[in-house]
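Following: one structure in structure tokens, then a few remarks.
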Amino acid sequence: MIQAILVFNNHGKPRLVRFYQRFPEEIQQQIVRETFHLVLKRDDNICNFLEGGSLIGGPEYKLIYRHYATLYFVFCVDSSESELGILDLIQVFVETLDKCFENVCELDLIFHMDKVHYILQEVVMGGMVLETNMNEIVAQIEAQNRLEKSEGGLSAAPARAVSAVKNINLPEIPRNINIGDLNIKVPNLSQFV
Amino acid sequence: MSDIVEKTLTALPGLFLQNQSVGGPAGVKASFSSRLGGLVRGITALTSKHEEEKLIQQELSNLKATVSAPATTLKMMKECMVRLIYCEMLGYDASFGYIHAIKLAQQGNLLEKRVGYLAVSLFLHENHELLLLLVNTVVKDLQSTNLVEVCMALTIVSQIFPREMIPAVLPLIEDKLQHSKEIIRRKAVLALYKFHLIAPNQVQHIHIKFRKALCDRDVGVMAASLHIYFRMIKENPSAYKDLTGSFVTILKQVVGGKLPVDFNYHSVPAPWLQIQLLRILGLLGKDDQRTSELMYDVLDESLRRAELNHNVTYGLKALTYVIQQDPTLALQHQMTIIECLDHPDPIIKRETLELLYRITNAQNITVIVQKMLEYLHQSKEEYIIVNLVGKIAELAEKYAPDNAWFIQTMNAVFSVGGDVMHPDIPNNFMRLLAEGFDDETEDQQLRLYAVQSYLTLLDVENVFYPQKFLQVMSWVLGEYYYLLDKDTPEEVLTKLYKLLMNASVSSETKAWLIAAVTKLTSQAHSSNIVERLIQEFTISLDTCMRQHAFELKHLRENVELMKSLLPVDKSCEDMVVDASLSFLDGFVAEELSQGAAPYKPHHQRQEEKLSQEKVLNFEPYGLSFSSSGFTGRQSPAGISLGSDISGNSAETGLKETNGLKLEGIKKLWGKEGYLPKKEGKTGDETEAPPVPQESIIMETVDQTLIKKDQCQVLTQSKEEKEKQLLASSLFVGLGSESTVNLLGKADTVSHKFRRKSKIKETKSGETTSAHNRTCSYFSSSSNATYEDGYYLDTLQDRGDKELNKLSLNSGLLDSESLTELPSVEKLSNCKLSSSPSLFTDNSMEGFQPSQSTALSVANETSLAASLLEETSEHMHSDLVEVCHNETISLSSFKIWKDDCLFMVWSVSNKSGLELESADLEIAPAENFKITEQPGCRLPIIEAESIKTFQYSVQVEKPFTEGNLSGFINYQMMDTHSVQLEFSVNLSLLDFIRPLKISTENFGKLWLSFANDVKQNIKVSESQAALPSALKTLQQKLRLHVVEIIGNEGLLACQLLPSIPCLLHFRVHGDVLALWFRSSCSTLPDCLLYQCQKVMEGS
């Protein structure tokens, strides 16, 4: 069983917190902090597995993590999971995020926290690995996105805005903030103001 | 990348501001649609935690107002919910929104529902009361035609779902196993797995459906079902052996690349599936040669394709497991292991040592222990030290090549392990020194070496040794200093004295030290130091030390007494102490005749005093004079004075301590034990003895290794050579030699220092591989037929009281064989007729059945005839053989007594020889309390005779399947001893008895019980009629029918010793609505499972 999935940035700011085992609210926060400190002091070139901190249950639980640019992805699992399996699962999760968000970065995780959760739900369900096949996961997410579009297309605009923002500092990619597109959506929005 | 994000983040607020300042519709849009964005930006702009807190509290109060405002639409609510999730993630309490999350999940459209479900699963836990509000929604969504809704419902069910509501959704989820969409089937399987984890009994009836999932045409569904199989096989491997073939076939297909390319991950075909399957096969093949053989091919194939170097720890972990089965495999990866030893990551190092620990043998012990000690010196974490120190001590005991090495290693262990190590380590070490082995001169050398090494250690100035180490030293010096053959122990006394005066030495250690001084004083005639010591400590504030000092002082005055009290090198011999103090009888009699009050023990005095006074005790120190001096005398250190090893001398006087039997212990460690490193592996190969065909694989492994070695030689650098040298010293003894081991057990190397008295181990190396079958004939439901006879008069057959003819097969279905048991009825009638209080007060623990009445046997085999001493008055199972070999046959049967389960094992000696020291032992089992009946120990079983062993078994808590295992030991004339293992299954039904109560009492009890479980089960047409269902329940579950009202029935039973459980059931078409209630929380679940099994089975 996976006990918890934590994503935080290099400064320890939580970006995704998902517990599959019950911990009281404040313990959850402490676990995030403890895990952050455990992971932070490790070099990038050493092993990706370590024993869980005291809060989450000590040496019987393993922390398996990967560090991507500004983000740490940490899975806390019990002895019934294979470490390498989980390590690759993290990779699958991140690659899936990358496919869904087109060049994923920390901002996507912040501004689309709910979406990230939905993607995660297709990978891990209730602490159990549901799917490891990336195409399958993406297919599920796309099915949900279609649903979303048919129901309003509200959230599509900010997604585009963010991906535009994301590319601002990348010289080789042309700035493609499509103002026109945004303007078209505006009339739809006014009814909610 | 990080820079970019950092920059982006700082640029972001400005950008959005820009957007807003552009004004008009765009600005409005940004301010509304991305409230979350605004919040995030706000937080990013802040500098202190305090400001963040303020901002979020403000945000939360805004949200609180919004969500509770009636005008808020669900769409707005959805947006609010995302912000609430964000706040909760940052650790702020948003509990006011929980109920709204549920509302959103209940009422929203698809998208809103999705957010609602997500919020619920993040906010709540499975015991949260609000969750009950969601159950109906989940049920509704499970029945929806929209796939997405069904998926969401399945997700939430597997995420958080109240355990007691499982029956509400279980049938719906079961149906989903046949759904046409793979994703639904997959999620359903996982949801059921989750149920299996939290309430195994409720899903046990659908195990057969998991098999269908395993054979599903969709790989994902199959993979999902592996989760549940892994779990179930882990719990009970023997039940799933028949699936080995299927798993092997699946693995073959996976490894062979038969899956769609989609499943490849970095060009490895479905690695997760492989891992899962390999682990399952590992569980199935463990300790089972025949099953293992089925998988060799495919394992070989997987190994070849796997790349072990992907992540080293993982490889090591895997290797550690592999090595438990087959140490030679480590040879193939020795260079990897060597590299890992120098790895900067301590975790990898530790795993490596763990691996080395498993491949240790007499030849590589020195190198491995050295590596372990190196690591030990670096590590600071306590549990690592404890763990590692224990391992080193164990290895040193097992494989020590010589005296000096052993003592030095143990010195290192004691000084590093210090006071955190397990107390067994120093204790074992001292016992080892004291008991010695066969060879007396060898023993003396070891002791002498220890003494010398400790003297040297104590010479070093300014070194502080851990207390435990000092204690060991003082004991050894006290006991064995005489071996040095010095005239006076003046030198060592000085050292001990110095330690005694040292403030950093604990008082416990001081007691050990002074005990050593006392022992040495008996050898020295006069010593200034001792005198000085006595002077110092007779005025010590520490009462214990003062006591010792006075003892020493008085002993010194009587040298004869001292010598007899402290004999040299007699630590293993028991002192005979007159614990009854009979030598004082004369004195006591005299005093009594002079009118002294008879002695009363302390507690008695205290009680009397209390009962007399019954008022407040105003004397401040009135009753508590017991401690100090008195307990001081009992401190472990005090005891060490007489005989450290055999414990309390007073106690040893009382019971004839099991004398240490040292004869027959092999003296194994000597000069030939340690073989210097062999050069390369070629040596091993040529020396390999001709091996039987089983080890051919091994040979090939060796050969490939040589080839590898040879090509490596060409390109070796100097550094590599060093490593190879290390490798050869580490892996020596694993190659051809261990092929011999492989044929037998993996670890047949006899332990160097093992003591017979401590380890239950048959003396001979060749443990007879006996027939070792799990005996599952005893699923008692099949042959237990209880019959109340109240409602089924027609079935009664009072004439047929010949219990001997009750046969296994006919018992189940054939109504004619139902036997009425008047005595059972009578007993339970009088016991259970009255008020509920009876059940709780009834203490049946003290039951001691006499041997004669207990025995009753179904007379199936001729062997059993002799067992039949009296006709049975209780139900019993048939006699079933549980294990046998050419000499003996062990059979067993159960007697379902009213107040316990009585197990009888009968051993029949088939040979013409007498069997000696026959002994049957039942391993203590979880859930069960096993009491051996008196008169079971039978040292000798005569030729061709039968002996029985009887045990009464009580349950401690409800269970579904239990298992009793044990072994029987015997010794033939002048030969080695043989051990046969066996195990017997127990069912909950073995412990269920009818509970005869009136309807009125049933009603009272029903209301008083808090734990209930409801379940509807479908039954076949024939079962649906009330009488037949009733009959089944009555017969097979041993339930008592209290009353039948229309289509409802009331039944009652009790779990021994006295936990009542009530059942209300109603027949409705072909559905049987069962409703259990009990005072015990798990019993209804377990009974329900049995009930389902019975109803489905019939």
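The values are calculated or read from the model by the stated rules, or taken from the named source; none is laboratory data. On a predicted model such as this, the values are computed, not experimentally measured, just so you know. Quick reminder, even Gly has a Cβ in these numbers, built from the backbone with ideal geometry, and neighbours come from all protein chains shown.
What single numbered condition from (1) out of contact with any Ser or Thr (no Cβ under 6 Å at 6 or more places or on another chain); (2) modelled with pLDDT of 85 or more; (3) within 12 Å of chain B (Cβ to nearest Cβ) fails to hold for A:Thr70?
(1)
Would you confirm whether any residue within segment A:143-156 is at pLDDT 80 or above, surrounded by fewer than 21 Cβ atoms within 10 Å (Cβ to Cβ) and among the hydrophobic types (A, V, I, L, M, F, W, C)?
yes
Tell me, which residue of segment B:220-242 that is modelled with pLDDT of 85 or more and among the aliphatic types (A, V, I, L, M) is nearest to A:Met125 (Cα to Cα)?
Once the filter is applied, the top-ranked residue is B:Ala224.
Taking B:Asn109 and the conditions (1) more than 14 Å from chain A (Cβ to nearest Cβ); (2) closer than 21 Å to B:Leu134 by Cβ; (3) exposed (fewer than 15 other Cβ atoms within 10 Å of the Cβ), which numbered condition does it fall short on, given that it satisfies the others?
(1)
Here's the yes/no breakdown for (1) of a type in the set (D, E, K, R); (2) crowded, with 16+ Cβ neighbours inside 10 Å; (3) in a strand (DSSP E or B):
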site	(1), (2), (3)
A:His11	no, no, no
A:Val17	no, yes, yes
A:Phe23	no, yes, no
A:Glu26	yes, no, no
A:Gln29	no, yes, no
A:Thr35	no, yes, no
A:Val39	no, yes, no
A:Asp44	yes, no, no
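Name every residue in segment A:121-140 that is touching a Ser or Thr at 6+ places or on another chain (Cβ under 9 Å), part of a helix (DSSP H, G or I), more than 7 Å from chain B (Cβ to nearest Cβ) and not β-branched (Val, Ile, Thr), in order of residue number.
Those that are touching a Ser or Thr at 6+ places or on another chain (Cβ under 9 Å), part of a helix (DSSP H, G or I), more than 7 Å from chain B (Cβ to nearest Cβ) and not β-branched (Val, Ile, Thr): A:Glu122, A:Met134.
Where in segment B:858-948 are there strands (runs of 3 or more DSSP E), lying fully within it, with 2 or more residues that are among the aromatic types (Phe, Trp, Tyr) and either at pLDDT 70 or above or more than 23 Å from B:Ser987 (Cβ to Cβ) (or both)?
Where strands (runs of 3 or more DSSP E) fall fully within segment B:858-948 and carry at least 2 residues being among the aromatic types (Phe, Trp, Tyr) and either at pLDDT 70 or above or more than 23 Å from B:Ser987 (Cβ to Cβ) (or both), they are B:888-896, B:901-909.
Which residue is modelled with the lowest pLDDT, if the candidates are limited to segment B:569-603 and must be surrounded by 10 or more Cβ atoms within 10 Å (Cβ to Cβ) and aromatic (Phe, Trp, Tyr)?
The selected residue is B:Tyr599.
Any residue at all in segment B:1020-1037 that is within 22 Å of B:Thr1082 (Cβ to Cβ), under 40 Å from the mean Cα position of the chain (by Cα) and assigned to a strand (DSSP E or B)?
So far as segment B:1020-1037 goes, no, none of its residues is within 22 Å of B:Thr1082 (Cβ to Cβ), under 40 Å from the mean Cα position of the chain (by Cα) and assigned to a strand (DSSP E or B).
Each row is one residue, and each column tells you yes or no for (1) aromatic (Phe, Trp, Tyr); (2) buried (at least 19 other Cβ atoms within 10 Å of the Cβ); (3) out of contact with any Pro (no Cβ under 6 Å at 6 or more places or on another chain); (4) assigned to a helix (DSSP H, G or I).
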{"position": "B:Asp990", "(1), (2), (3), (4)": "no, yes, yes, yes"}
{"position": "B:Gln1015", "(1), (2), (3), (4)": "no, yes, no, no"}
{"position": "B:Ile1044", "(1), (2), (3), (4)": "no, no, yes, no"}
{"position": "B:Leu1062", "(1), (2), (3), (4)": "no, yes, yes, no"}
{"position": "B:Phe1065", "(1), (2), (3), (4)": "yes, yes, yes, no"}
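Going through segment A:96-114 one residue at a time, which ones are more than 10 Å from chain B (Cβ to nearest Cβ), free of Cβ contacts under 8 Å to residues at least 60 places away in the same chain, surrounded by fewer than 22 Cβ atoms within 10 Å (Cβ to Cβ) and not hydrophobic (A, V, I, L, M, F, W, C)?
A:Asp98, A:Lys99
How many residues does segment B:61-105 contain that are surrounded by fewer than 16 Cβ atoms within 10 Å (Cβ to Cβ), under 22 Å from B:Leu133 (Cβ atoms) and of a type in the set (S, T, N, Q)?
4
Could you tell me whether any residue of segment B:419-430 is of a type outside the set (S, T, N, Q) and either in contact with a strand residue (DSSP E or B) (Cβ under 7 Å, 6 or more places away or on another chain) or closer than 23 Å to B:Asp485 by Cα (or both)?
So far as segment B:419-430 goes, yes, one or more of its residues are of a type outside the set (S, T, N, Q) and either in contact with a strand residue (DSSP E or B) (Cβ under 7 Å, 6 or more places away or on another chain) or closer than 23 Å to B:Asp485 by Cα (or both).
Being farther than 21 Å from A:Arg15 by Cα and either within 14 Å of another protein chain (Cβ to nearest Cβ) or modelled with pLDDT of 85 or more (or both), is that true of even one residue in segment B:82-97?
For segment B:82-97, residues farther than 21 Å from A:Arg15 by Cα and either within 14 Å of another protein chain (Cβ to nearest Cβ) or modelled with pLDDT of 85 or more (or both): present.
Would you check which residues across segment B:386-397 are touching a residue at least 24 places away in the same chain (Cβ under 8 Å) and within 14 Å of chain A (Cβ to nearest Cβ) and list them?
Passing the criteria: B:Val386, B:Leu388.
I'm checking my understanding of the structure. Among residues of segment B:137-183 that are of a type in the set (Gly, Ala, Ser) and in a helix (DSSP H, G or I), which one is surrounded by the fewest Cβ atoms within 10 Å (Cβ to Cβ)?
Going through the qualifying residues, I end up with B:Ala168.
Just checking, which of B:Tyr497, B:Tyr465, B:Tyr480 is in a loop (DSSP other than H, G, I, E, B) and either over 24 Å from B:Gly436 (Cα atoms) or out of contact with any Pro (no Cβ under 7 Å at 6 or more places or on another chain) (or both)?
The match here is B:Tyr465.
Across segment B:1079-1098, which residue is surrounded by the most Cβ atoms within 10 Å (Cβ to Cβ) among those that are touching a strand residue (DSSP E or B) at 6+ places or on another chain (Cβ under 8 Å) and small (Gly, Ala, Ser)?
Top of the filtered list is B:Ser1079.
Given (1) of a type outside the set (S, T, N, Q); (2) within 10 Å of another protein chain (Cβ to nearest Cβ); (3) not in a helix (DSSP H, G or I), where does A:Asp88 come up short, assuming only one miss?
(3)
When you go through (1) closer than 15 Å to B:Leu281 by Cα; (2) surrounded by 21 or more Cβ atoms within 10 Å (Cβ to Cβ); (3) not charged (D, E, K, R) one by one for B:Leu192, which number turns out not to apply?
So B:Leu192 meets the others, but not (1).
Could you list, ordered by first residue, the pairs with Cβ atoms under 6 Å in which the first is in segment B:226-243 and more than 16 Å from B:Gln204 (Cβ to Cβ) and the second is among the hydroxyl-bearing types (Ser, Thr, Tyr) and part of a helix (DSSP H, G or I), at least 6 apart or interchain?
As it stands, the answer is B:His227/B:Tyr193; B:Lys241/B:Thr291, since those pairs meet every condition given.
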